[in-house]
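Right, one structure below, let's go through it.
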Amino acid sequence: MKRTELNQLTDEKLVQLILDKKDPEYFEVIYDRYAQRIYNKSLGFVKNKNKAEDITHDIFLKVFLKLGSFNFNAKFSTWLYAITYNYCVDYVNNEQKNRLEIKQYYQKKISERETTNDSDILKIQLDRLKVIMDMLLPEEQMILLVKYQDALTIKDIELVTNLSTSAVKMRLKRARDKVLQIYKDKYSHNVI
């Protein structure tokens, strides 16, 4: 089959061909369709281009290895976003844990040396929204990003997160409320 013909096939048909024929050319079409979106999603989590590239490749490797578990009950893109979501949340949680351990280690070393407060050196000015988003938990960031950046429906978010409709709506509400509260607390005294 020619590449132009392959590009006309649905994701689900391509997955079936990959599973039936074991031809990597079919997976290349899937990769080409989704690589940029997965990279952008990863970049939204890690905010580092090199890490986002690595995560994108890791996700596609995972997708390729798990392709046999795709059950064709949902759209392939939803299944892919579920894997991406879970991988990114796990990655960010592990990164935060590692950073916390490193920070605690250096704080201990600094306090042992009785150095002065370094907070003035570490001040960084960020865009207000980025500051607020960075204050959210990874799960809160992700649910807001998939809803407002990726424009997923509540139903799609349910499939991606394995949550019920009411749980998705409640988490969205809580995340929005938290963003508004942080904004009020940090910026209400400033002129917009």
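Among the residues of this structure, residue 142 does not count as one that is out of contact with any Cys (no Cβ under 8 Å at 6 or more places or on another chain), closer than 20 Å to residue 48 by Cβ and modelled with pLDDT of 80 or more.
Listed here are the residues, each with its yes/no results for (1) polar (S, T, N, Q); (2) modelled with pLDDT of 65 or more.
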| position | (1), (2) |
| --- | --- |
| 84 | yes, yes |
| 94 | yes, yes |
| 107 | yes, no |
| 113 | no, no |
| 132 | no, yes |
| 164 | yes, yes |
| 171 | no, yes |
| 186 | no, yes |
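Scanning region 141-192 for residues that are loosely packed, with under 15 Cβ neighbours inside 10 Å and not in a helix (DSSP H, G or I) yields 151, 153, 162, 164, 188, 189, 190, 191, 192.
Which of (1) in contact (Cβ under 8 Å) with a residue 24 or more places away in the chain; (2) surrounded by 15 or more Cβ atoms within 10 Å (Cβ to Cβ); (3) not small (Gly, Ala, Ser) is the odd one out, the single condition residue 33 does not satisfy? For residue 33, the exception is condition (1). Applying the criterion of being among the β-branched types (Val, Ile, Thr) and crowded, with 18+ Cβ neighbours inside 10 Å to the residues of region 1-28, the residue that is farthest from residue 137 (Cα to Cα) is 18. Candidates 36, 16: the one that is farther than 25 Å from residue 92 by Cα and at pLDDT 90 or above is 16. Among the residues here, residue 66 does not qualify as assigned to a helix (DSSP H, G or I) and surrounded by 12 or more Cβ atoms within 10 Å (Cβ to Cβ).
Looking at residue 43, is it in a helix (DSSP H, G or I), over 15 Å from the mean Cα position of the chain (by Cα) and among the hydrophobic types (A, V, I, L, M, F, W, C)? For residue 43, the condition - in a helix (DSSP H, G or I), over 15 Å from the mean Cα position of the chain (by Cα) and among the hydrophobic types (A, V, I, L, M, F, W, C) - is not met.
The values are calculated or read from the model by the stated rules, or taken from the named source; none is laboratory data. Keep in mind that this is a model prediction, so the values were computed, not measured. Ideal geometry is used to build each Cβ from the backbone, glycine not excepted, and the neighbour counts take in all protein chains shown.
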